[in-house]
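Heads up, the thing below is written out as structure tokens.
The values are calculated or read from the model by the stated rules, or taken from the named source; none is laboratory data. Small disclaimer: the values here were computed from a predicted structure and weren't measured. We place every Cβ from the backbone using ideal geometry, glycine too, and count neighbours over all the protein chains shown. SASA here: full protein model, heavy atoms, side chains in, ligands and nucleic acids out. Shrake-Rupley method; radii C 1.70, N 1.55, O 1.52, S 1.80 Å.
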Amino acid sequence: MRRVFRALSLTVVAYGAMTRCASSPVRSAGGDVAPPPAPIHGFSSLEEAEPSLLGLEDRRAWDRTLLEQATASADPAVRCRAAVALGRIGDERASGPLSRLLADSNPEVRAAAAFGAGILGEPGLTKDLAPLLSDTDPRVVVRAAWAIGFLDPREAEETLAAAVPGAATPEPRAAVLRGLWRFSTPAAAAAALPYVADPDVRIHEAALYALARRPQESSLATLTAALPDPDEDTAALAARALGILGRKESIGPLAAAIDGPRTPVTINAMAALEAVMEKNPGISPPADRSARLLALAGDANPNLAVPALTLLRWLASDREVFRRLWSVASTGAGRRQQVALQSLMAGLSEESENLTDAAIESPNRFLRAAAAESLSFLPEADAEPRRARLAADPEVVVRLKVLEGLRTPIAARSNRALVAGALADPDPGVRAAAVEALALTADAAVLPMILQAVQRSAADREPDVPIAAIGAAEKWPGEPAARAIVEGAYRHPSTLVSRLGRRSLVKSFHADPATLTLREYVTGKSISDYAALLAEARLPWTAAVETVRGAFRIRLAGKEAPITSANFLQLARRGFFDGVVIHRVVPNFVVQDGDPTATGNGGPGYEIRDEIGPIPYVEGSVGMALSGPDTGGSQWFITHAPQPHLDGIYTLFGQVISGMDVVKRIEQGDSILRVTVSMGPS
């Protein structure tokens, strides 16, 4: 299954005591509204309640009696845990009990209920969350501001923008400002802009985060001025934002930013320059930057070298640059060789054809894959026969990259016959990529082909094709054929696919959730099984990860994510990760591993439920990679830097406690030698 990020750098504050009673949830799916509950005796302790609540979460099951027992408990820790479970189960009926918990007398319960409301995602809860933006407890304000951003976009934006001036102290004001990052509108930018100059560093950084994550043209000057910000993560985020805006006038400031000593800023400035070049054909980085880029291209740190080699494509006509790229592409190895080849193909397409052909003949599957992905840089007449040859390559990763190289509607349409042929590929991941490429054509005539691909995939072990088909169908919400695809997914034998199909019918095709059954997972586990799982997961487990670059150590977050931690322990004990290629490294973002096929599609042959929790993504956080709700399995990632936009979306189940320097030396294509688990200090 394709596990990628849908979506840099400030940490969400104040999850505090909530971590005692929460792991965490997934997004909405449904049922009818329950009548008011009758009085009922609640669980007396968290120890008594948690196995039952974990079982409901794992099955995604709605048990009114059990949930009422938990929400009625006299113990606030149980009510906290119930609030998170209500969100995680993902049933629309959870709105009622969550609304009551949002008014609880205990601030920890209100904060937990706000978190549960955010992951449930029911728009109607905005009215219950809005009053909490002026709560006397800052932890509640922080969680409410975060949660509101996940609900109805228009109402949420107006609510947060209106709450900024009224925030009584810096911490709540910073939280409300940070919540605005989800809204790429002039109004959201206008609400944040006045606070960039605030003397309180928390408010200043939160305002810049709100401006930078989804930037507006009106913020260009402010973001440019933030490049030398004292906080390097904030400065790096400002550089990234300038790349998104893609204005020519940002070239000078970004080019200057690559000179500094702060690695995250240099990395993001190079990536931003690349984005500006892409959006402004005919321009190049300043020629006086070539020496600096050449030095960075030879840096021992791959997070500096790889983006520098990428950016050098725009200076490939320079003699020294050409010589360096040619040398690395012809005699280098690993990811650097692949990127140098791609830069030559992009910068000097026809002159690089000999190198391209040598790469296509290479016994190295990843070098062939790099060539396949970059064939769009060649004239179409030259690319077509090479693409056809690589589309028949025996390695899945190469065939995938052929399709991923067709990134634009024009490319997808001009290669439609090749894409259609890939719908019969023996690998479900390749067929899913073909479905995604067909969706790029923006032609509803491809919908019958996609439906046939789904029907042919009924016996697949992996649900890649129907999941990709759901995403493709959502591009045509008014087409009956698109709705038929999603209705077919809803009837699919896989519980995961059925739930995703139902979610799409409700959110994209506006179906009435009361008419659609929300299927539960069958786990075969008893309450005692979940109690045993919790007992083991809470032990102080650590994982030693040995790689070709050195070793690092992870502390597992079994209290917050017991199912995910137990799954990782099980896989590590059986040697699942040993010898696996690290298939994805994004500089200053993540290292991703756990795919035995090294394609980004592989897994253990099953999926586990999300346990999205309140712990923020900081440097060295370990999370599960997903391709949609509840699609985790064996692929996991480590963050290079704080990534608050991942908070509440991906299960966080560990933290690097030693060897982070090793993590940052890892290059895409390196291997994990072995993973061993043991109990150590917590």
Amide H of Ile608 versus every other amide H placed in the peptide plane: which residues, excluding those fewer than 5 positions away on the same chain, fall under 5 Å? Gly632, Gly633
Placing one identical point scatterer on every Cα of the stretch 204-296 and ignoring solvent, what is log10 I(q)/I(0) from the Debye formula at q = 0.13, 0.14, 0.20 Å⁻¹? -0.37, -0.43, -0.86
Percent antiparallel among DSSP beta bridges confined to the chain, rounded to 5, stands at 100 percent
Helix-derived mean residue ellipticity, 222 nm - over the chain, DSSP H n ≥ 4, -39500 (n - 2.57), to 500: -14500 deg cm²/dmol
Taking R0 as 25 Å and r as the Cβ-Cβ distance between Gln452 and Lys475, the FRET efficiency 1/(1 + (r/R0)^6), rounded to the nearest 0.05, comes to 0.90
Other-chain or far-sequence residues with amide H under 5 Å of Ser658's (modelled H): Arg553
For the stretch 635-682, what class follows from the C-alpha gyration tensor (a ≥ b ≥ c being the square roots of its eigenvalues): rounded when a/c is under 1.5, otherwise prolate if a/b is larger than b/c, else oblate? oblate
Say the dipole of the stretch 43-189 comes from +1 at the beta carbon of Lys and Arg and -1 at that of Asp and Glu; which of Leu102, Gly149, Gln69 then lies farthest toward its positive end? Gly149
Given a Förster distance of 41 Å, the FRET efficiency implied by the Cβ-Cβ spacing of His510 and Lys279, rounded to the nearest 0.05, works out to 0.70
Please get the size of the charge dipole for the stretch 414-568, origin at its Cα centre, with Cβ charges of +1 on Lys and Arg and -1 on Asp and Glu, quoted in debye to the nearest 20. 340 debye
Which whole-Hz ³J(HN,Hα) couplings does the stretch 150-166 yield from phi under the Karplus relation 6.51 cos²θ - 1.76 cosθ + 1.60, θ = phi - 60°, glycine and proline marked x? 8, 9, 3, x, 5, 5, 5, 4, 4, 5, 5, 4, 5, 7, 4, x, x
If you average 1/r over every pair of different alpha-carbon atoms in the stretch 418-474 and take one over that average, what Kirkwood value in Å do you get? 10.8 Å
Using a ≥ b ≥ c from the Cα gyration tensor of the stretch 528-682 (square roots of the eigenvalues), is it rounded, prolate or oblate, where a/c under 1.5 gives rounded and otherwise the larger of a/b and b/c decides, a/b for prolate? rounded
Compute the signed sum of charges (Lys and Arg +1, Asp and Glu -1) over the other residues within less than 9 Å, Cβ to Cβ, of Val276. +1
My understanding is that a pair violates if its Cα-Cα distance is over 25 Å; which of Lys525/Lys559; Lys401/Lys475; Lys279/Lys401; Lys559/Lys664 do that in this structure? Lys559/Lys664
HN-Hα J in Hz across the stretch 499-511 - Karplus 6.51, -1.76, 1.60, θ = phi - 60°, x for Gly and Pro: 5, 5, x, 4, 4, 5, 4, 6, 7, 9, 10, 6, 6
Mind checking the alpha-carbon convex hull of the stretch 43-171 and giving the volume per residue in Å³? 86 Å³
Taking max minus min of the Cα coordinates of the chain on each principal axis, largest first, gives extents in Å of 79, 60, 53
Hull shadow area, averaged, the stretch 393-516 [alpha-carbon convex hull, nm²]: 7.2 nm²
Which ³J(HN,Hα) values, rounded to whole Hz and listed in residue order, are derived for the stretch 58-63 from phi using the Karplus coefficients 6.51, -1.76 and 1.60 in 6.51 cos²θ - 1.76 cosθ + 1.60 with θ = phi - 60°, glycine and proline given as x? 5, 8, 6, 10, 9, 10
Taking a probe of 1.4 Å, how large is the accessible area per residue of the chain, in Å²? 37 Å²
Over the stretch 336-494, with every protein chain in place, what whole percent of the accessible area is carbon and sulfur at 1.4 Å, could you tell me? 54 percent
Using DSSP to define loop residues, name the trypsin sites (Lys or Arg not before Pro) in the stretch 358-449 whose beta-carbon has at most 14 other beta-carbon atoms within 10 Å. Arg407
The stretch 606-682, accessible surface, carbon-and-sulfur percent (1.4 angstrom probe): 56 percent
Would you pull out the residues with amide H under 5 Å of Leu673's amide H, same chain only if 5 or more places away, H placed 1.01 Å from N? Glu546, Thr547, Val548, Gly579
Under 8 Å for C-alpha pairs, at least 6 residues apart: give me the relative contact order for the stretch 537-682, rounded to a whole percent. 37 percent
